[in-house]
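Worksheet: the structure to be examined is printed underneath.
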Amino acid sequence: MENPRLESFHDKYLLEATIDQLQEKMQNGEITSKELVLMYMYRIGQLDKNIHSVLELNPDALHIAASLDAEREKKGPRSPLHGIPILLKDNIDTGDKMRTTAGSLALKNHFAQRDSFVASQLRQAGAVILGKTNMTEWANFMTDGMPSGYSSRGGQTLNPYGPGKFDVGGSSAGSGAAIAANFAVAAIGTETSGSILSPASQNSLVGIKPTVGLVSRTGIIPIAHSQDTAGPMARTVKDAALLLNVLAVSDENDPVTLTNQDRQGKDFSSFLDENGLQGARIGIARETYFDYLSSEKLAVMNQAVARLNEQGAVVVDEAVIPSAKTEWSYDVLTYEFKADVNAYLRTVAPHLPIRTLSDVIKFNDKNGEKCLKYGQSILIEAEETSGALTEMAYISALEKDIYFSGEQGIDYVMQEHNLDAIVFPNNYGAGIPAKAGYPSITVPAGYTPEGEPVGITFTGLAYSEPLLIKLAYAFEQATRHRKAPELGVLASE
């Protein structure tokens, strides 16, 4: 950087800086939001060519930040997010000069006509929407065998802890890699089943997959209304909680958020408690879910469980979920995808020729060399459904998912052992809470000898975010595992 003051701030303070730390620097006049945006832009330009996490930057970001600086000087900050640069996954509408494409070239000319509810909430809180992050195309609901983090629009996002070596996680891969690499303070991802928890775990981040209903889905390119939700991805539990404060607002255009009455106006950061694990009853979902782990990752998770004990938790080490071995399908997603994506595409600007899932498939066929590196088998399977959600196969699959994920799943094991939460490794247990619509939070648990991040995930019942945040924060503060990836070598490549 040419500016020695900004270079010094970058080297001493910016990396791994929390929202509170940056707010203090802005309040003291040591730095401005505009300068923060400039430093993050510089890092992206310097380092992201090797990671491919950021698709585009907001052309207005510097001016928005400058206006927020002026507002701070005159009126004070709007919220803890005032002037804080945030990245959004590329399926979240922003009514500005950036595109929203879900990673698809079929939507390469799609500029949303208005903000998503999530983007609107962030702007009202004074956050600076810095840019859009790459994602697994169509949130990894396009084809079998597509690698996490790949899209025809953005190419392959890599894990900054081991580019080309470790899985980056999906489908909010760009959000995970970017925040791990300190390209912004935090990001918003989306999840249908594992798409926040997976990249957060793989990039040594905190990721909150909220209860379906806590955060509005209005203006987000969907997979399935039964399971979709947006959520924060950050480097600390407190930063994620501060974002959740802004996002957890009911939206009359998304009826499920009207089930969220008891969480309105809650300050999730008030549940941060270093002693939060003392006396908490934690079930360890070993059967099935720990079987996925390599010996190196198993050692990390066993150490994490030991730390829960050390922090005073009552650990139930074999909390068996009755439906753990159930043969699950993604039939609910297949049927809901056509109905939900067609409903979204009806809202795009009139000049855009892509108005239905069928249009997407035809566009990909015509541009196969660029668009179909891995095919589109799942899109075609979804298109073959009626889109009316009347099929008995769909209704039966939905009823099965609800029963085995809840009453014969998480509800059962939590009642049997009187648990406060269940622990899964990484995102390996994401499917059951996803089908139940229940929340999870993942926190860094350590690293393998090779340096691959491992996450510990706490899952609970609907709207148990305050308790999960309490448990995750206590674990985070007791262990402090997160360390930034070493990106210096990338800058010289």
(Q) If residue 309 meets every condition in (1) more than 26 Å from residue 437 (Cβ to Cβ); (2) in contact with a Ser or Thr (Cβ under 9 Å, 6 or more places away or on another chain) apart from one, which number is that one? (A) (2)
Q | Qualifying residues in region 108-140 (those that are in contact with a helix residue (DSSP H, G or I) (Cβ under 7 Å, 6 or more places away or on another chain) and in a strand (DSSP E or B)) - the one surrounded by the fewest Cβ atoms within 10 Å (Cβ to Cβ) | A | 129
Q: Within region 170-215, count every residue that is in a loop (DSSP other than H, G, I, E, B), out of contact with any strand residue (DSSP E or B) (no Cβ under 7 Å at 6 or more places or on another chain) and either closer than 24 Å to residue 40 by Cβ or among the aromatic types (Phe, Trp, Tyr) (or both).
A: 4
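Test residue 266 against the criterion of being modelled with pLDDT under 95 and not in a strand (DSSP E or B), and give yes or no.
Values: modelled with pLDDT under 95: yes; not in a strand (DSSP E or B): yes.
Yes, satisfied.
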Q. Can you tell me which residues in region 350-381 are touching a residue at least 40 places away in the same chain (Cβ under 8 Å), closer than 24 Å to residue 330 by Cβ and not in a loop (DSSP other than H, G, I, E, B)?
A. 359, 360, 363, 364, 371, 377, 378, 379, 381
Q.
On the basis of being of a type in the set (D, E, K, R) and surrounded by 21 or more Cβ atoms within 10 Å (Cβ to Cβ), does residue 483 make the cut?
A. no
Q: Can you tell me which residue among 7, 24, 30 is out of contact with any Lys or Arg (no Cβ under 8 Å at 6 or more places or on another chain), more than 27 Å from residue 204 (Cα to Cα) and free of Cβ contacts under 8 Å to residues at least 24 places away in the same chain?
A: 30
Q: Return the only residue of 143, 94 being part of a loop (DSSP other than H, G, I, E, B), within 25 Å of residue 381 (Cα to Cα) and either modelled with pLDDT of 95 or more or acidic (Asp, Glu) (or both).
A: 143
Q | Answer residue from region 16-30, given it is surrounded by fewer than 16 Cβ atoms within 10 Å (Cβ to Cβ) and in contact with a Phe, Trp or Tyr (Cβ under 9 Å, 6 or more places away or on another chain) and is farthest from residue 233 (Cα to Cα) among those | A | 30
Q: Among what's in region 435-466 and is out of contact with any strand residue (DSSP E or B) (no Cβ under 7 Å at 6 or more places or on another chain) and among the aliphatic types (A, V, I, L, M), pick the residue that is farthest from residue 256 (Cα to Cα).
A: 461
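Please verify whether residue 176 is in contact with a Lys or Arg (Cβ under 8 Å, 6 or more places away or on another chain) and farther than 21 Å from residue 335 by Cβ, treating the condition exactly as stated.
Numbers: in contact with a Lys or Arg (Cβ under 8 Å, 6 or more places away or on another chain): no; farther than 21 Å from residue 335 by Cβ: yes.
Considered against the rule, which asks whether it is in contact with a Lys or Arg (Cβ under 8 Å, 6 or more places away or on another chain) and farther than 21 Å from residue 335 by Cβ, residue 176 comes out as no.
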Q: Have a look at 338, 297, 325, 366 and point out the one that is more than 30 Å from residue 460 (Cβ to Cβ) and either aromatic (Phe, Trp, Tyr) or in contact with a Ser or Thr (Cβ under 7 Å, 6 or more places away or on another chain) (or both).
A: 338
Q.
Which condition from (1) outside any helix (DSSP H, G or I); (2) under 15 Å from residue 141 (Cβ atoms) is the one that residue 347 breaks?
A. (2)
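The values are calculated or read from the model by the stated rules, or taken from the named source; none is laboratory data. What you see is a predicted model; the values in this text were computed from it and never measured. Ideal geometry is used to build each Cβ from the backbone, glycine not excepted, and the neighbour counts take in all protein chains shown.
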